[in-house]
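Everything below concerns the one structure shown next.
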Amino acid sequence: MTPNAFRKLALRLPDTEEREHMNHPDFRVRGKIFATLAYPSASYGMVSLWPEQQAAIVKAHPEMFSVIPGKWGEKGATRVLLPEADEKVLADALQQAWEKHAAKAAAKAGVRSAAKPEARKSSKTVSHSKRSH
């Protein structure tokens, strides 16, 4: 996969914009970075997943994904080795990263919960009729 192919996959997601952060391209939804390109070199990208998602994808595709060292990696920053990237797998990872950050941005705006994937099911069981408006 080329950096341009990564870019096209990221920009297909709704409300995504490309900006620059620390001298390399990034992709944002509602101002939140969910993916980057070309760090530490042009052969890499990054997707920002929940740690549980990161663990699963690194285990399933170790030739393609690795944990970024340090605190960023502990929080879900996942390196993508572009020459090894499969389009379908990467598109799914970008979607997951986009969902994580779209939910965080919406929660910050008071729109929706940014619950982790395993917590989303229980949060949806709350009846809307119990809310007072």
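Every read-out reported here was derived from the displayed coordinates using simple, explicitly stated rules and does not represent laboratory data. All values reported here derive from a predicted model rather than from experimental measurement. We place every Cβ from the backbone using ideal geometry, glycine too, and count neighbours over all the protein chains shown.
So here's what we get for this one:
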quantity	calculated
Amide H within-cut-off set for L49, under 5 Å, with H built and near neighbours excluded	A77, T78
23 Å Cα-Cα threshold exceeded, pairs from K75/K108; K8/K108; K32/K75; K8/K59; K59/K108	K8/K108; K8/K59; K59/K108
³J(HN,Hα) computed for each position of region 84-99 - Karplus, 6.51 cos²θ - 1.76 cosθ + 1.60, integer Hz, glycine/proline x	9, 6, 8, 4, 5, 5, 5, 4, 5, 5, 4, 4, 4, 5, 4, 4
Gyration tensor over alpha-carbon atoms, region 5-58, equivalent ellipsoid semi-axes in Å	17, 15, 11
Loop GluC sites (Glu not before Pro), region 22-95, which have at most 14 other Cβ atoms in a 10 Å radius of their Cβ (DSSP)	E63
Distant-in-sequence amide H partners of L13 (H built 1.01 Å from N, under 5 Å)	none
Rounded to whole Å, sorted largest first: equivalent-ellipsoid semi-axes of region 3-112, Cα gyration tensor	20, 16, 13
